[in-house]
Structures are given as C-alpha cells and as structure tokens.
1. Taking I6 as the residue in question, decide whether it is surrounded by 12 or more Cβ atoms within 10 Å (Cβ to Cβ) and assigned to a helix (DSSP H, G or I).
2. Among the numbered criteria (1) aliphatic (A, V, I, L, M); (2) surrounded by 12 or more Cβ atoms within 10 Å (Cβ to Cβ); (3) part of a loop (DSSP other than H, G, I, E, B), which single criterion is violated by A43?
3. Taking the conditions exactly as written (under 9 Å from the mean Cα position of the chain (by Cα), in contact (Cβ under 8 Å) with a residue 40 or more places away in the chain, surrounded by 13 or more Cβ atoms within 10 Å (Cβ to Cβ) and not in a helix (DSSP H, G or I)), does N86 satisfy them or not?
4. Can you name the condition, by its number, that A4 falls short on among (1) within 16 Å of A82 (Cβ to Cβ); (2) modelled with pLDDT under 90?
5. May I ask you to list the residues in segment 14-46 that are more than 15 Å from N65 (Cα to Cα) and either among the hydroxyl-bearing types (S, T, Y) or out of contact with any strand residue (DSSP E or B) (no Cβ under 6 Å at 6 or more places or on another chain) (or both)?
6. Would you check which residues across segment 34-92 are touching a Pro at 6+ places or on another chain (Cβ under 8 Å) and farther than 14 Å from W16 by Cβ and list them?
Amino acid sequence: MGVADITTALMDLDGWQLTESGLRRTIESASFPAAIVLVQRVAQAAEHLDHHPDIDIRWRKVTYNCTTHSAGGVTELDVLLAREINRLAAPR
C-alpha cells in the first residue's frame with residue numbers, strides 16, 4: 001500500500017495513526033480485566049486472519065500496532081485488522 005492508500009484508509013479508522021512502525025491505536029478500557037478481555041478478542045480475530053498485531057499492555061491502556069513485517073510496512077491486512085480491532089472495541 002502506498003502512503004495515499006493508507007491516508008485514505010485512515011479516514012475510516014477512528015483512533016488510528018500512521019507511525020514509523022505501522023498503524024497504531026491506544027485503547028483505554030474501563031478496567032484492567034476489561035482491557036484483557038479485549039486483547040483476548042483481538043487475539044482470536046488475529047488468529048482467524050493469520051495476521052497478528054504487536055500489543056503493549058499498560059494497565060487499562062492497550063496499544064495495538066499493525067504492520068506486516070515481511071512486507072516492511074503497512075498492507076491491506078493491517079488495515080483489515082485495524083478495522084476489526086475498532087469493531088471489537090466499539091461500545092456494545
């Protein structure tokens with residue numbers, strides 16, 4: 001994906017930004033257990049896609065970074081995973 005494609009995709013990816021290391025979003029949950037439940041749901045989605053984000057857990061704040069290491073940058077899979085993370089993190 002080119003920078004223009006990524007920029008366009010970011011218009012529909014609330015909370016995500018493009019960094020040197022990929023697409024990144026930090027999500028704050030109501031509690032530590034709630035943050036871990038979301039991580040578990042993201043892990044299941046990532047397994048289904050066979051594409052896994054880097055995850056940094058800091059109490060109630062979890063940062064997800066989506067990049068395709070083998071491609072050396074952001075691909076359509078990263079955008080797809082970011083969309084899925086947003087869907088899973090949306091209030092129910």
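1. Working: surrounded by 12 or more Cβ atoms within 10 Å (Cβ to Cβ): yes; assigned to a helix (DSSP H, G or I): yes.
The answer is yes for I6.
2. (3) is the only condition that A43 fails.
3. Working: under 9 Å from the mean Cα position of the chain (by Cα): yes; in contact (Cβ under 8 Å) with a residue 40 or more places away in the chain: yes; surrounded by 13 or more Cβ atoms within 10 Å (Cβ to Cβ): yes; not in a helix (DSSP H, G or I): no.
No, not satisfied.
4. Failed condition: (1).
5. Here is the first cut: in segment 14-46, the ones more than 15 Å from N65 (Cα to Cα) are 29-37, 40-41, 44.
Passing the criteria: S29, A30, S31, F32, P33, A34, I36, V37, Q40, R41, Q44.
6. Within segment 34-92, A46 is the sole residue that qualifies.
The values are calculated or read from the model by the stated rules, or taken from the named source; none is laboratory data. None of the values given here were measured: they were computed from a predicted structure. Neighbour counts run over all protein chains shown; Cβ positions are idealised from the backbone, glycine included.
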